[in-house]
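**Q** Next up is a structure, given as C-alpha cells.
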Amino acid sequence: MIKVKKVSFCLIMLLATISCHKQTQNLSESEVITKEPMVKLLESMTLEEKIGQMTQYNGFWDSTGPAPKDGDAKEKYDHLRSGRVGSMLNVSGVKEVRKLQEIAVNETRLGIPIIFGLDVIHGHKTLAPIPLAEVASWDLEAIEQSARMGAEEASARGINWTFAPMVDISRDARWGRVMEGAGEDPYLGSLVGQARVRGFQGTDLSKNNTIAATAKHFAGYGFAESGRDYNAADVGTVTLFNTILPPFKACVDENVATVMNAFNTLNGIPATGDEYLQRDILKGEWGFEGFIISDWGSGAEMIAHGFAKDLEHAAILAANAGSDMDMESYAFVKHLATAVDSGKVDMKHIDDSVLRILKIKEALGLFEDPYRYCDTEREKTIPYHKDHATLVRNMAKKSIVLLKNNEEILPLSKDQKNIVVIGDLAQEKTSPLGSWRIGSDDGTAISVLEGFEEKGVKYKYKSGPALISQPASFINEVKINSDDRSGFDAAVKAAKKADVVVMVLGEHGFQSGEGRSRTDLGFPGLQQELLEAVKAVNDQIVLVVMSGRPLVLTWAEENVPAIVQAWQLGTESGNAIADVLFGDYNPSGKLPMTFPRDVGQVPIYYNKLNTGRPGPSDLVFWSHYIDESNDPLYPFGYGLSYTEFKYTAMKAVATGKQVEVEVTVANVGERSGEEVVQLYIQDKVASVSRPIKELKGFQKIVLNAGESKVVRFTLDEEDLGFFNTRGEFVFESGEFAFMVGPNSTDLTTAIIELK
Ligand code: BGC
C-alpha cells in the first residue's frame, strides 16, 4: 500500500518537474511540444495502463461500502486498482466519487485520476424543461444559462463530464429521443448545441463548477428508419453534410471536449466502427482535439450489426476507426492488448487515443487536484439552490408554445369563477420531470394544480381516468391505462357546470426518451375519449398538452378554442404553466419541430425539397396524399402570443455577395410581448436541388404595446452556400429568395439575383 502511494507521488513529481523545466530551460519548440506533461506521462505507461485509460465502466453498487469479494463489482474494483479503468459513469455524490478517485490516485501505479461522466441533460437535481422544450424558447442565452446551472449542480456532486448536448437533428416525432435534441433544423440546432457547450464548459474547464461536454450521437442517430430507436439510418451525402453534421461541427468549433458515437449504422457502417466519420471527418478535416466515447455497449453491438465477428474484432474495428474510449462493451479491456500485440491495431492509434483522454483530464484540472469536484460544502449548497428554481421557472415559461387562442379565451383571469381542471397529468409531480433525470428525485416537480394554488386561483379538480396502470420507470415500458374508466364520468359531470375547463393531457414523461418510439402520436389511453366527452358538454376548453415530442393535435385544433404546448417542463412545470395561463407571462415560444396533422405524414419537416409535381392539381398526378393534406398542423417556427405582431417594409439588398435583409416588426396588440423574427432563404437554382426554405437567422425581440422595431440580418456566402454531392462546400451565384416572418409558413419574400 505504502509503496503504491509513493509511486503516485512520483507521478506528481514527474509532472511538476516537466512543467518546471518548460518554464526555466530554453527548450526548442519541438522539444516543448513533445515533452509536454501528458506526452511524458504517456511514455511512462504500459500497454495495459493505456488501454485502461480507454475503458469506461458503469458504477457499481455501494461503492462507498466494503469492496465486494466476488462477481462483476469485484472485477471492476480489481481493474480500478490495477489502472485498467480511465473513466466511470453513473457514479455521483461526493462521497462515492471521492472513494473511487482515491483508489485510482492512491492505489494504481501511476495514480492517473478518473473522469466521471453522467447524463446531465436538462439540469441535475433541479430540472429545467426537456431539451426540445428549451429550444422552443429560441433564447440562446437562457439555454446557455440552463446548461450552466446543470453543470453547477452536477459538478457539486463530483461529476466532471456530461454526455450532452445531444445534437442529433430529427424529423421524426415517432423517435422518442427527439425530446433530447434541438428539433429538425440544423441552423437552430447548431446554435443551441454551441450554447449548451458554452454553458457546460464555461470559459475555463479547470474550474470546479465547469464540466466537459459531449456532442452526441455521431452520427445519423436521429434519422433512424421509421423513427424506431437504434434502427439503421440511410442518408445521402447531401443530407449528411447539410443537415446531420453541421451541429457537430458547430460544437467542435466551440471546443467541445468529447464526442459520443452512435448505436446505429449509417449507410451500412456502425458509427462506432466508422473510420470515415471519426478519423477522416471529425479528427481529420475538422481537427477535433478531444476524444470520442462510444455509446453504451455500441462497440459490442457491432456484432449484432453483422459488422464484427466477435468482441475482439469489435475492439479492433472500433480502435482503428478512431473510437477512443469504450463505454461498457468490455471490448478494449478484454481484447485490445492482444490486438496490438498481433499488429491488428497500430500502437500509434492507442497513443493518440490515450493522449486525447489525458489532455481532457489535464484540462479539467484533475492532475492538479483529483478531488477538485469533491467539495462537500458545494455539495450541500449548490444542488436545489433557490436561484435555480427561479432560473428553471423562467426557462419553462419561455419554452411554452401557444398553439391556438380563439376569441382570446386566454389568458384566464385569476378571479375567474368556476374553473374545473381535468386530467391525471394536472396532479403529476414526477412525469413533468421528463425521462432523463438521473440526478433528481421523483415527485419534485410543481404540478399544475400547485401552480394554480401558488397564484391563489380557486378551482375544482377531477382527474378523470388514470393515465398509467403501473408506476413508470426509466427502464421499463410505461403501462398505459386503457380500460379502468374510474373517474371518467365524474370529470365529464364536473365539466358540464364549469365556466372554463382546463384539460391537462398528453404523454407520460417516460413515454419519450431512449427506447421509447411510438407509432401513434395521439393522446395515450382514455384521454382523447375524455376530451371528446368534455367537449360534448362544454365548449370552453383550454387544452394544456404535456409531451416529449410533437403529438397529433388535429382533433383538438378543430374542436378546442385554446391549446398550450407545455412539453415536460421540469421542476417548476406547474408554476410556469400557471404563469402563462393567467397572463403573468406572455407566451413567446415557437416550435422547433413541425407538428403533423397525422402520423402518416411523418417524417415531415419544413426544409424539404420540392418535388417535380408540387401541385395542387385537379388530377391525382401530383405529390400528395389522397386522404390528408400535405401541410402540417403547426409549422416549424410557429407560436402565438397574447399580443399581435405585424411585419411590414421587408426588403433585401445585395452588395456583392453580401445581402442585407430588413423588416419592420410592430406590436399592434395591447400588451408587451416577445417575438422571434425568422429569416429563411431559398437558393432557387443550384447544382443540387435545395430546400424550399432554410432558416438562416432569427432574432428574439421585446416590443411594448404600440412599439415597432427594424430588424436587420446580414448574410454572406457562408450562409448562402451548401455542401454538394461530394461533401464540398460551394456557393453558386444566381437567384435567391429571402423570406421573413413569424414562422416558416407566413413569410414575406424578396427575390434577388446574386452574381
Ligand atoms: C445513451 C447515451 C447516454 C449513455 C450513458 C446510452 O444508452 O444512448 O445518450 O449518454 O447511454 O447513459
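We did not get these values from a lab; they are worked out from the coordinates using the rules stated. The structure presented is a predicted model; accordingly, all values stated were derived computationally and were not measured. For neighbour counting, all protein chains shown are included, and Cβ atoms are generated from backbone atoms with ideal geometry for every residue, glycine included.
**Q** What helices in the chain pass both tests, a Cα length along the helix axis of 30 Å or more and a mean Kyte hydropathy of 0.5 or higher, using whole DSSP H runs? Walk me through the numbers before you get to the answer.
**A** On the way: long enough: 2-24 (33 Å, 0.85).
Span-like helices here: 2-24.
**Q** Kirkwood Rh over Cα pairs of segment 9-379 into Stokes-Einstein at 10 °C, 1.306 mPa s: D in µm²/s?
**A** 77 µm²/s
**Q** Cut-off is 10 Å between beta-carbons; in what order do Met593, Met54, Met650 appear when sorted fewest neighbours first? Write down the numbers at each step before the final one.
**A** Numbers: Met593 26, Met54 29, Met650 20.
Taking fewest neighbouring Cβ atoms as first place, the list is Met650, Met593, Met54.
**Q** Now for a separate question. So how far, in whole Å, is the C-alpha centre of segment 151-211 from the one of segment 212-256?
**A** 14 Å
**Q** Also: Applying the Karplus parametrisation 6.51 cos²θ - 1.76 cosθ + 1.60 with θ = phi - 60° to the phi angles of segment 259-268, what ³J(HN,Hα) value in whole Hz is obtained for each residue in order, glycine and proline being reported as x?
**A** 10, 9, 7, 10, 6, 7, 8, 10, 6, x
**Q** Check Ile480: other-chain or 5+ apart residues with amide H under 5 Å from its amide H, H built from backbone geometry?
**A** Ser469
**Q** Tell me, Ile292, Ile115 in order of fewest to most beta-carbon neighbours within 10 Å? Present the calculation step by step, with values, prior to reporting the outcome.
**A** Values: Ile292 27, Ile115 30.
Ranking Ile292, Ile115 by Cβ neighbours within 10 Å, fewest first, gives Ile292, Ile115.
**Q** Report, please, the projected area of segment 388-592 averaged over directions, based on the convex hull of its C-alpha atoms, in nm².
**A** 10.6 nm²
**Q** With the contact rule set at Cα under 8 Å and sequence spacing of 6 or more, what percent relative contact order holds for the chain?
**A** Here the relative contact order equals 13 percent.
**Q** Starting from the amide H of Met260, placed 1.01 Å from N in the peptide plane, find each other amide H under 5 Å away whose residue is 5 or more places distant or on another chain.
**A** Ala215, Lys216, Phe218, Ile293
**Q** Work out how far the C-alpha atoms of the chain reach from end to end along every principal axis, then list the three figures in whole Å, largest first.
**A** 79, 64, 50
**Q** Also, I was wondering about something else. Using just the C-alpha positions of segment 235-351 as equal point scatterers, what log10 of I(q)/I(0) does the Debye formula give at each q in 0.12, 0.14, 0.17 1/Å?
**A** Computed log10 I(q)/I(0) values: -0.40, -0.55, -0.79.
**Q** On to the next question. How do Ile130, Ile400 line up, fewest other C-beta atoms within 10 Å first?
**A** Neighbour counts put them in this order, fewest first: Ile400, Ile130.
**Q** Using amide H atoms built in the peptide plane, which far-off residues or other-chain residues are under 5 Å from Thr126 H to H?
**A** Tyr384
**Q** So which chymotrypsin sites (Phe, Trp or Tyr not before Pro) in segment 606-670 end up in coil per DSSP with only 13 or fewer other C-beta atoms within 10 Å?
**A** Phe621, Tyr625
**Q** If you average the alpha carbon positions of segment 376-432 and of segment 691-706, how far apart do those two centres end up, in angstrom?
**A** 25 Å
**Q** From the phi angles alone, apply the Karplus equation (6.51, -1.76, 1.60; θ = phi - 60°) to segment 745-755 and give each ³J(HN,Hα) in whole Hz, x where the residue is Gly or Pro.
**A** So the J values, rounded to whole Hz, are 10, 8, 10, 9, 10, 10, 10, 10, 9, 9, 8.
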